[in-house]
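Report on the following structure.
The values are calculated or read from the model by the stated rules, or taken from the named source; none is laboratory data. Source: prediction; values computed, not measured. Cβ coordinates were reconstructed from backbone atoms using ideal geometry, including for glycine residues, and neighbour counts include every protein chain displayed. Please note that ligands, DNA and RNA were not included when accessible areas were found on the heavy atoms of the full protein model with its side chains. Shrake-Rupley method; radii C 1.70, N 1.55, O 1.52, S 1.80 Å.
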Amino acid sequence: MLRGVWLDRSEAESTTLGEALQRYADEISINKKGSAQELCRIRQWLERPISKRTLNTLRGKDFAAYVKSRLNEGVSPNTVRLELAIVGNLFTVAAREWGMESLVNPMRSIKLPAPAKGRNRRIQPGEWGALIAQLPYPHDHAVVLLVETAMRRGELSGMRWEDVQWTAPSILLQDTKNGESREVPLSRAALQILHDLGGTPEATGSVWKTMATHSFSQAFIRACDRASIEDLRLHTSATKPRAVCSRRG
């Protein structure tokens, strides 16, 4: 009873976190631009014993213990914050949209791990050639194009030939992070990469027909291992010196 209003607790008392996460994945996550990443985080939650607990029994201390456990596993603070954000939003949705008005969001009472400090790692001139040499086709072309255009990985993987402007070299990106289209100019090197990939003004369809989106990151990690390049992430390769902007023939 709250201010004279009866709150039905039965559904919150019978629904486990795992069941709620499955519903959240089906109804909420699937409609998001970053659904693949969010679904991976949800699967991580489902593997934990906490997913067997009913929603009404979960408290801030349970999630504080989860934070400590994940950090001890070596998971980055930013990743943990993203995992917690899913469950925090789940409680909000459950209370507002799923009829579980009695639920109190336990995320409001815990301290989130501090964001990781910014990284200063930059690719070195000698590393660039070694990295490209270890990348298979067309992943080598994709990395060079990523560097030349400063596009995000998702934007790169969603490129279509119809969006390439050949006369005034540029590409119109339809699938951007903020949901709005934007035009990216193409350097001579970027334009040459597109030609090497078989691009023509008449070409249609996906630029990367033979390359799955998830394989891009995997190929980059493997290439770094083979080239003995440590602590380099895909997005930091875009800061390489222009003097070594070369590609494989």
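If you check Arg182, Arg153 for being more than 23 Å from Ser215 (Cα to Cα) and surrounded by fewer than 16 Cβ atoms within 10 Å (Cβ to Cβ), only one passes: Arg182.
Close contacts from the range 71-83, counting a first residue that is closer than 20 Å to Leu21 by Cβ and a second that is open to solvent by less than 70 Å² (accessible area, probe 1.4 Å) and assigned to a loop (DSSP other than H, G, I, E, B), with Cβ to Cβ under 6 Å and a gap of 6+ residues or different chains, come to Val80/Pro113. Checking each residue in the range 29-43 for being open to solvent by less than 40 Å² (accessible area, probe 1.4 Å) and not in a helix (DSSP H, G or I) picks out only Gly34. One residue stands out among those in the range 156-167 that are part of a helix (DSSP H, G or I) and at pLDDT 85 or above: the one that is most open to solvent (accessible area, probe 1.4 Å), which is Glu162. Being β-branched (Val, Ile, Thr), under 21 Å from the mean Cα position of the chain (by Cα), under 24 Å from Val75 (Cα atoms) and open to solvent by less than 30 Å² (accessible area, probe 1.4 Å) is a property that does not hold for Ile50. The conditions are (1) over 25 Å from the mean Cα position of the chain (by Cα); (2) among the acidic types (Asp, Glu); (3) loosely packed, with under 11 Cβ neighbours inside 10 Å, and Glu230 fails exactly one of them. Which is it? Glu230 satisfies every listed condition except (1).
In the set Glu101, Glu97, Glu127, which member is surrounded by 12 or more Cβ atoms within 10 Å (Cβ to Cβ), farther than 22 Å from Arg153 by Cα, of a type in the set (D, E, K, R) and over 23 Å from the mean Cα position of the chain (by Cα)?
Working: Glu97 fails: surrounded by 12 or more Cβ atoms within 10 Å (Cβ to Cβ); Glu127 fails: farther than 22 Å from Arg153 by Cα.
Just a single option satisfies the conditions, and that option is Glu101.
Close contacts from the range 189-203, counting a first residue that is over 13 Å from Trp166 (Cβ atoms) and charged (D, E, K, R) and a second that is outside any loop (DSSP other than H, G, I, E, B) and open to solvent by 10 Å² or more (accessible area, probe 1.4 Å), with Cβ to Cβ under 7 Å and a gap of 6+ residues or different chains, come to Asp196/His141. Looking at Val87, is it in contact (Cβ under 8 Å) with a residue 24 or more places away in the chain, under 20 Å from the mean Cα position of the chain (by Cα) and in a helix (DSSP H, G or I)? Criteria met by Val87.
Please tell me if Ser109 is modelled with pLDDT under 90, open to solvent by less than 50 Å² (accessible area, probe 1.4 Å) and touching a helix residue (DSSP H, G or I) at 6+ places or on another chain (Cβ under 9 Å). Talk me through it step by step, then tell me what you get.
Details: modelled with pLDDT under 90: yes; open to solvent by less than 50 Å² (accessible area, probe 1.4 Å): no; touching a helix residue (DSSP H, G or I) at 6+ places or on another chain (Cβ under 9 Å): yes.
So Ser109 fails the test.
Candidates in the range 44-54 are the residues that are part of a helix (DSSP H, G or I) and in contact with a strand residue (DSSP E or B) (Cβ under 7 Å, 6 or more places away or on another chain); of these, the one that is farthest from Leu112 (Cα to Cα) is Lys52. When the range 210-249 is limited to residues that are modelled with pLDDT of 80 or more and among the basic types (Lys, Arg), the one that is nearest to Trp166 (Cα to Cα) turns out to be Arg222. Taking the conditions exactly as written (open to solvent by 20 Å² or more (accessible area, probe 1.4 Å) and either out of contact with any Ser or Thr (no Cβ under 6 Å at 6 or more places or on another chain) or within 20 Å of Thr16 (Cβ to Cβ) (or both)), does Val87 satisfy them or not? Judged against the criteria, Val87 is not a match.
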